[in-house]
1. If you check residue 179 against the conditions, is it modelled with pLDDT under 95, farther than 28 Å from residue 488 by Cβ, in a loop (DSSP other than H, G, I, E, B) and in contact with a strand residue (DSSP E or B) (Cβ under 7 Å, 6 or more places away or on another chain)?
2. Filtering the range 491-530 down to residues that are of a type in the set (Val, Ile, Thr) and over 25 Å from residue 127 (Cβ atoms), which residue is surrounded by the most Cβ atoms within 10 Å (Cβ to Cβ)?
3. Within the range 89-141, which residues are crowded, with 19+ Cβ neighbours inside 10 Å, of a type in the set (A, V, I, L, M) and in a loop (DSSP other than H, G, I, E, B)?
4. List the strands (runs of 3 or more DSSP E) inside the range 577-656, counting only whole elements, that have at least 1 residues being more than 33 Å from the chain's Cα centre (by Cα) and at pLDDT 95 or above.
5. State all residues of the range 352-370 that are in a loop (DSSP other than H, G, I, E, B) and surrounded by 24 or more Cβ atoms within 10 Å (Cβ to Cβ); if no residue qualifies, say none.
6. Would you please list the contacts, defined by Cβ atoms under 6 Å and residues six or more apart or on different chains, that run from a residue in the range 237-258 that is of a type in the set (S, T, N, Q) to a residue that is part of a strand (DSSP E or B)?
7. List, please: which pairs have Cβ atoms under 7 Å, are six or more places apart or on different chains, and start with a residue in the range 45-70 that is over 24 Å from residue 156 (Cα atoms) and end with one that is crowded, with 20+ Cβ neighbours inside 10 Å and small (Gly, Ala, Ser)?
8. Restricting attention to the range 164-185, does a residue exist that is in the same structural domain as residue 269 (by TED's automatic domain parsing), at positive phi and among the hydroxyl-bearing types (Ser, Thr, Tyr)?
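The values are calculated or read from the model by the stated rules, or taken from the named source; none is laboratory data. Quantities reported herein were computed from a predicted structural model and do not represent experimental measurements. Cβ: placed from backbone, ideal geometry, glycine included. Neighbour counts: every protein chain shown.
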Amino acid sequence: MPRRSLRRTSRTLALVTAGGTALAAFSFSGVAAAQAAPKIVVKGGLTQPVFSYKDAVRERVFVESPVDSDNDGKRDRVNVDIIRPKETRRGLKVPVVMDASPYYDTAGRGNEGEKKVYDAAGNPVKFPLYYDNYFVPRGYAFLAVDMVGTNRSDGCPVSGGPSDVLGIKAVIDWLNGRATAVGADGEKVKASWSTGRTGMIGKSYDGTLANGVAATGVRGLETIVPISAISSWYDYSRSNGVKYSNQYQGWLADYVDSDPAAKCAAVRDRMNADEDDATGNYNRYWKAADYRDGLYTDVGKVRASVFAFHGVNDLNVKTDHFSKWWKGLAKRGVTRKVWLSQRAHVDPFDTRREKWVATLHKWFDHELHKIRNDALREPRADIEIGPDQWITESDWPAPKARSLSLNPQANGSLAPKPVRRGTLASYVDDPGPRGNGRSEGEMVSDPTTGKPFRLSYVSGPLPANARLSGSPTAKLQVTLDKPTANLTALLVDYGQDTRIDYLGAGGGIETLATEDCWGQSTAEDDACYKQTRTKVVNSAVNVVARGWMDAQNRRSLSDPTPLRPGASYGVRWETLAQDYVFKKGHRVALVLAGTDANYNAADAGTGAKVTVDLGRSSIRVPVVISGGRAPEGLVSPRGVWTGPSGVNLPTQPKRFW
């Protein structure tokens, strides 16, 4: 360090590690050392819990956003509840871990639905989840931010639209001196205690906000940890023109808003009209809430690193949200990491708790404190391929995965080569007894028996394990007798096995009465949470990958083209991404059908007859072959086999926490 002349009687000298972490700072009066200034302590590449959680500063501020979502003529103010080490009052600067959420006074957060708690003066005394208990003692501030229109923030929520995102972005700007905030007394407040470096984390809507803010390209957001997060709100409500729900955007906005319903009724009415349930098309409304390629947000703007978590069997926030986001990040060389579990909409804290907290700690230390540890030298992908069976990969999809074509045969089997073109089979997009199609249980029952509402093609027993890793692609050549039909493609595993119960209550976990603790506690806010264990089911069939398409949206999601009855059309689309092991001796099946009553319930079966040219139809599956066996060995004539009957596959329940 170069010598500097002492122009004052008091001077500050900082000692810094090679990674840029301040170890100590001393104030000198002449040559005599005064009281040591506060410091971050690092051991083994990790911050240590040397700060008191009990004595931490707890406060709240209101950050002025650039939006007026409730159209009252005033910019919305965003409520920010803060907890930070008391040493930040004596010059310690710390980075921020932030969970921005619309749920702090409605659904609550985490498996136990925790909500914020305030004292009589309106100051926060309980922060949901363990982030504050664990990270504040290690030299971080934690910010629990109310999304615009929720809890103590102004405005109206808009279900992922621009004002949701820009309100949170304003908090990042405030931490970096680019926006203003006031305290409870109305006086302006600066975040002089912050380094400006922020990491956003959260599950579901919270992680979605992290994706959205990152896609603005805001400076100061160093990393995000999106858990089961949306990357396009169109894809949350629809798939290739097929609707999962009607009027959902307005319903969700009302659900997260605890103010009187009349306050934001006009905003919700406009949302319900603009989402255009009459067609299911992608329009300007949806583009404004698209974080991958939107009007205001784009994956190409992402500066932050990304540590994502997703359940490959999450049928609430489906896996296309992760897989398409991940692909965009990879294309642009964004620093990234991923964990994929076999659960549904379940937090990693309730999946693989000890390993998750340790990995998250190392990640935040590397990205926010800029400590030189091995966070980026670890494998990029951790993947659960069976109940509590995890593997690592250098990337995802598995680099060794190769595309395998599964072709339907006239005899009901699957083969690596197609049959002669012009070999036809047909089914009906059956409205079913309730008008919304046939259930998945009906679609996969009795797979070797002909049924008018589906086609089923089944392999023989697999000679080796085959791991699907990525997004299968369905390709159909179809002729309809009506202008459109909903098309469903299911990739199915037939074989008795113990699997994670991702369709049942809990999404693959069972919550126990016992607890463990992660961080420091106070009487008002303890760091202890109920433990969980894996919930499994023994079953003979599992739907591995699902894909849906409205045939008239085959060329464009915005400009549908109805089919001319009697004419032949090619239709191609990706199913939901997966990572799954088909075991030796099991059978793999391709099931083609119409409207899926489990997940397309907002749509109606058209009753169209769908004729498929088998010779020009297939599903391509990215697979890793166990033992390096040739792909041709994975499919064979099905022989004498009937498969399970009376299958019941419940619709996976939605969870907000």
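1. Here the answer is no, as residue 179 does not meet what is asked.
2. Filtering first and then ranking leaves 500.
3. Selection gives 92, 129.
4. Once the strands (runs of 3 or more DSSP E) in the range 577-656 are filtered for at least 1 residues that are more than 33 Å from the chain's Cα centre (by Cα) and at pLDDT 95 or above, what remains is 609-613.
5. 369
6. Correct list of pairs: 239/548; 240/549; 240/573.
7. 47/139; 51/139; 53/519
8. No, the range 164-185 contains no residue that is in the same structural domain as residue 269 (by TED's automatic domain parsing), at positive phi and among the hydroxyl-bearing types (Ser, Thr, Tyr).
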